[in-house]
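S.K.: This is the structure I have questions about; it appears just below.
The values are calculated or read from the model by the stated rules, or taken from the named source; none is laboratory data. Note that the structure is predicted; figures quoted are calculated from it, not measured. Reconstructed Cβ throughout: ideal geometry from the backbone, glycine too, with neighbour counts over all protein chains shown. When the accessible area is computed, the model is the full protein with side chains, heavy atoms only, and any ligands, DNA or RNA have been set aside. Shrake-Rupley method; radii C 1.70, N 1.55, O 1.52, S 1.80 Å.
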Amino acid sequence: MQVKLIEVNQVNDTLAEMVALFRVELRSYKGIVSKLNIEAGREEMEEYLSAKFPVYAALVDGEYAGYVVCRVDSEVVWVESIFVKEEYRRHGVATALHSKAEEIAASYGDDTVYNYVHPNNHRMIEFLRKRGYTVLNLIEIRKPYKDEKLTQTIAVGEHEFDYWLLRGQLWITYGYRKDPEDKTKWIIDEEAA
């Protein structure tokens, strides 16, 4: 399967649908079931393009298979979003798209890109680990939602945080349980990183 990358300069129906599919998938990591909103996908991609974000689509046999949106901030490249249609996953499409983001970073003299990843997006975390991305760079912290049931805590260094667990499992780079019998506490081993 040969993957061809093209720079995106305008939104078409297929690209708008992929953005909408990406948003549905992201919401699923939060336990939210949502409907496909292709018009919102079109608007989102138009915003990226009008902001001059580098956007590339992957084609396989002439069909759209995925896309990557990069944001360049002070010569630092962020993967704003990367998505591959289900039927093209595990065929090198995400690798080709992410490699393009790394190529953009290299053009600024950097050897890494920064990736936003939802903690329940296990496939993306594993994909990035295989590509050498193992440094936890930042933590997103928020107040609990009203009536939110927080089921676990995570310790990062000397700090402990509540965590909402989806699908009964949690996976953290270099994570281990302090006490194997305690199903609520996870520790990130800073020395292992």
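S.K.: List the pairs from 30/52; 85/130; 35/149; 30/100 whose alpha-carbon separation is above 23 Å, in the order I gave them. Numbers along the way, then the final one.
M.R.: Numbers: 30/52 29 Å; 85/130 20 Å; 35/149 25 Å; 30/100 28 Å.
Distance filter (> 23 Å) returns 30/52; 35/149; 30/100.
S.K.: Tell me, what is the 1.4 Å probe accessible area of residue 27, in Å² to the nearest 10?
M.R.: 100
S.K.: I'd like the accessible area for residue 6, computed on protein heavy atoms only with a 1.4 Å probe and all protein chains in place. Round to 10 Å², please.
M.R.: Probe radius 1.4 Å; accessible area of residue 6 about 50 Å².
S.K.: Continuing with this model, one more query. According to the square roots a ≥ b ≥ c of the eigenvalues of the Cα gyration tensor, what is the shape class of region 1-106, taking rounded for a/c under 1.5, prolate for a/b larger than b/c otherwise, and oblate for the remainder?
M.R.: Values: a/c = 1.43, a/b = 1.14, b/c = 1.25.
Here region 1-106 falls in the rounded category.
S.K.: Now, a different point. State whether region 50-145 is rounded, prolate or oblate according to the following rule on the C-alpha gyration tensor (a ≥ b ≥ c being the square roots of its eigenvalues): a/c under 1.5 gives rounded; otherwise a/b larger than b/c gives prolate, and the remaining case gives oblate.
M.R.: Working: a/c = 1.57, a/b = 1.19, b/c = 1.32.
Cα axes put region 50-145 in the oblate bin.
S.K.: Using 0.36 nm per residue of separation minus the Cα-Cα distance, give me the extension gain between residue 13 and residue 43 in nm, one decimal. Working shown, then result.
M.R.: On the way: separation 30, 0.36 × 30 = 10.80 nm, distance 1.13 nm.
Answer, rounded to one decimal: 9.7 nm.
S.K.: Now a separate question. If I model a spin label at residue 34 and residue 140 as a point 7 Å from the Cα along the Cα→Cβ vector, what separation in nanometres do I get?
M.R.: Label-label distance for residue 34 and residue 140, simple model: 1.1 nm.
S.K.: Now, a different point. Ordering 5, 128 from largest to smallest accessible area (1.4 angstrom probe), what's the sequence? Could you put the intermediate results ahead of the total?
M.R.: On the way: 5 60, 128 10 Å².
If we order 5, 128 from most to least accessible, we get 5, 128.
S.K.: Another question about this same structure. Take the Cβ-Cβ distance between residue 76 and residue 129 as r, set R0 to 22 Å, and report the resulting FRET efficiency rounded to the nearest 0.05. Display every interim value, and only then the final one.
M.R.: On the way: r = 21 Å, r/R0 = 0.95.
Calculated value: 0.55.
S.K.: Any idea how far the Cα center of region 1-73 sits from the one of region 109-155, in Å?
M.R.: 21
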